[in-house]
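The values are calculated or read from the model by the stated rules, or taken from the named source; none is laboratory data. Given the structure is predicted, the values throughout are model-derived calculations rather than measurements. Cβ coordinates were reconstructed from backbone atoms using ideal geometry, including for glycine residues, and neighbour counts include every protein chain displayed. These area figures cover heavy atoms from the full protein model, side chains too; ligands, DNA and RNA do not enter into them. Shrake-Rupley method; radii C 1.70, N 1.55, O 1.52, S 1.80 Å.
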Amino acid sequence: MKMKKIKIYIASFLIGISSFYSCVDDVNFGDSFLEKEPGVDVTIDVIFSDAESARRFLWDNYSRMYYALPTYWNALDDKMNMGMFEALSDAFHSHLEWDGVNRLYYSGAYNAGHENSGGHGRFSFTRENTWEAVRASWVFIENVDRVPNMDDEEKARLKAEAKVIVASRYFDMFRHFGGLPIVDHAFPITTNPADYYTERATVEATTNFMIKLLDEAAKDLPWSLPEDEIANWDGRFTEASALGLKTSILLFAASPLFNDDVPYSTESPQDAVTNHHVWTGGYKSEMWTEALKACEDFFKKVQSNGIYELNQASGTSVNNYREAYQNAYFKRGSGGDNPELLISTRKRYTYGSNGQWDYYFPQSTTQGAFTPTQEFVEMFPMSDGTPFSWDNPEHVKNMFSERDPRLFENILVNNADFQGRQAELWVGGREARDNSAKEVSEYATGYGLYKFILDKSKNINKPTLWPYLRMAEVHLNYAEALMVAGRTQEAIAQVDLVRARVGMKGLKESNPNLNMNDSKVLLEEILRERACELGFEDVRFFDLIRHKRAQDFKKVLHGLRIYRADGINDSWSDKPAADRGPRPTEFKYEVFELSNSKRIWWTNFSTKWYLTAFAPNEIHKDYGLTQNPGW
């Protein structure tokens with residue numbers, strides 16, 4: 001069959017370089033990362049006639065990196081109309097009735113037509129700054145050599161950074177679409193449409209393209225940022241960034257979604273299946289071998305060069321463990337203050353001293369866009385690592401005290417320290433009010449999102465970074481690849497390293513009744529550990545997809561209504577001290593099914609949902625773009 005072709009028909013590929021990039025913004029890193037100065041109209045010849053302007057061109061392109069938290073209303077990266085696709089997993093449920101999650105996905109209304117105008121789907125092929133970043137990177141790579149006042153070593157390093165931007169943006173799309181058109185140069189300025197044709201590549205070719213870029217980049221990047229660069233250049237790519245990202249890409253490509261004996265969907269159209277745009281054409285064990293080798297190579301480098309490691313606790317208290325975990329995902333620093341962070345992105349949005357956020361993530365949270373589910377809460381073990389069980393009275397008694405410290409950093413639970421007091425998430429309590437009783441708003445499930453929101457005061461005048469990749473994820477990537485290779489004990493050891501950081505016992509000691517030598521059992525534990533460690537970091541949703549976990553998309557999710565045992569459904573801390581009596585310590589619990597809104601997937605799930613649709617108006621231009629199955 002003749003391979004079909006598509007044309008990348010978006011503005012950034014068709015508009016001339018000199019006009020599209022006429023504005024060069026000064027984007028610094030470190031504490032000044034988000035400060036911009038007014039741009040200056042220049043031509044491409046001017047940009048690459050001076051080292052400083054060329055650098056600024058690249059720094060500006062860093063701002064097109066993926067940032068997951070909702071930012072603007074109806075902006076280019078509007079994130080599902082102020083929602084997030086993590087609310088399509090079993091860990092979170094949206095109670096924001098007008099976001100894209102509810103209107104399109106829970107209702108089942110989403111179809112490919114919504115992509116024609118951006119549509120608030122989970123990830124747009126043309127509205128996520130991906131192609132703009134790719135083009136700008138190639139423009140830089142192809143022109144930086146003519147900069148006169150920049151040495152060859154710096155030119156090689158900066159070209160390597162641009163290649164990592166391309167690879168990362170491809171990976172952002174790859175997880176949603178599968179095989180992609182390979183753009184390996186800046187398209188020329190031309191009026192001939194044929195000059196913009198490029199094939200939609202297979203899954204394997206797309207994977208190889210990303211890996212080739214990362215391998216090339218790694219050779220010219222420093223292992224970590226030199227100490228004298230960290231203050232001003234925190235956020236720039238390193239060799240560790242490139243090699244760490246390589247492990248995630250290869251793990252995703254090797255997983256059953258793409259790498260299996262059968263394609264994930266038999267729904268029409270099937271051209272993408274026939275052309276191997278959405279699977280490998282059959283199971284290939286060598287893809288897992290490559291994923292394993294990438295992990296081994298990464299950790300060999302870590303052992304040799306140091307710098308990067310899991311952020312460790314300064315003591316053995318719950319607060320020590322919580323601080324170590326929070327710093328791992330929230331704190332800046334490339335190998336310095338936070339040795340765990342491999343890749344981070346951030347936006348120019350802060351929590352100001354006036355108490356108002358100037359971007360939409362906190363507002364979406366307040367309106368219930370990211371309410372944690374009971375299923376997610378129950379994934380977190382007790383503090384010693386023992387799985388939580390409703391059948392154990394001690395577990396129930398201590399469910400909001402003696403738990404995995406990461407629970408309290410991901411989720412706001414009843415009685416947790418919060419804004420100088422203890423949170424009241426019982427029905428009628430100061431936080432919960434009637435939220436869980438009516439299943440509405442921020443605490444609709446009986447819990448609230450804590451991660452990234454934190455205690456609010458901690459975010460004053462600080463931009464919230466997005467931990468695009470950190471060491472814990474690479475350890476868990478390694479664990480999964482080792483498991484597939486049959487190296488069970490080594491796989492368990494990698495998981496145990498992550499658990500030990502928050503003071504928990506290892507998998508075997510905590511689960512004596514489970515046969516960890518059974519790969520199915522071990523996989524469940526690895527996936528659960530990934531959910532707990534990487535909660536709300538865009539990992540759980542993709543883990544369910546890459547493992548084709550239809551059973552998890554179909555299961556009805558739950559919340560928890562908490563009642564005071566004394567029968568008083570009222571706040572305690574709002575009352576005068578003389579009237580309120582002792583703080584309630586005994587509670588009753590009611591697990592309830594979520595019904596506002598129900599997900600159509602619970603009764604009618606199709607595997608077509610694993611990947612998203614291309615916009616039909618692109619398909620109908622007759623470029624030969626193959627639509628993903630079911631759309």
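Key figures for this structure:
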| quantity | calculated |
| --- | --- |
| Per residue, in Å², the accessible surface of the range 521-631 once ligands and nucleic acids are set aside, probe 1.4 Å | 40 Å² |
| Cα-based Rg / Dmax (Å) for the range 203-330 | 19.1, 57 |
| Other-chain or far-sequence residues with amide H under 5 Å of HIS558's (modelled H) | GLN374, GLU375, LEU594 |
| Normalised contact order of the chain, rounded percent, pairs of Cα under 8 Å and 6 or more residues apart | 19 percent |
| Cα gyration tensor of the range 508-623 - equivalent ellipsoid semi-axes, whole Å, descending | 41, 25, 14 |
| Residues whose placed amide H lies under 5 Å from that of HIS93, excluding near-sequence neighbours | THR371, THR373 |
| Among the listed pairs LYS548/LYS588; LYS163/LYS331; LYS554/LYS621; LYS293/LYS508; LYS293/LYS347, those beyond 31 Å (Cα-Cα) | LYS548/LYS588; LYS554/LYS621; LYS293/LYS347 |
| Area projected by the alpha carbon convex hull of the chain, averaged over all directions, nm² | 28.2 nm² |
| For q = 0.15, 0.19 Å⁻¹, Debye-computed log10 I/I(0) when each Cα of the range 437-589 counts as one equal scatterer | -1.01, -1.22 |
| Expected-Rg normalisation [2.2 N^0.38 Å, Cα atoms] applied to the range 402-487 | 1.45 |
| The chain: calculated mean residue ellipticity at 222 nm from DSSP helix runs of at least 4, using -39500 (n - 2.57) | -11000 deg cm²/dmol |
| Listed residue pairs exceeding 30 Å between alpha carbons, taken from LYS159/LYS300; LYS555/LYS575; LYS212/LYS451 | LYS555/LYS575; LYS212/LYS451 |
| Angle between the chain longest axis and helix 130-143 axis [Cα atoms, degrees, rounded to 10] | 40 degrees |
| Nearest-20 debye value, the chain charge dipole, Cβ charges on Lys, Arg, Asp, Glu | 1160 debye |
| Between 0 and 90°, nearest 10: helix 152-177 axis offset from the chain longest Cα axis | 60 degrees |
| Amide H contacts of PHE587 (H built 1.01 Å from N, under 5 Å, at least 5 apart or other chain) | ALA565 |
| Calculated FRET efficiency for the pair ASP384/ALA578, C-beta based, R₀ 45 Å, to 0.05 | 0.65 |
| Taking all pairs of distinct alpha-carbon atoms in the range 467-547, Kirkwood radius in angstrom | 12.7 Å |
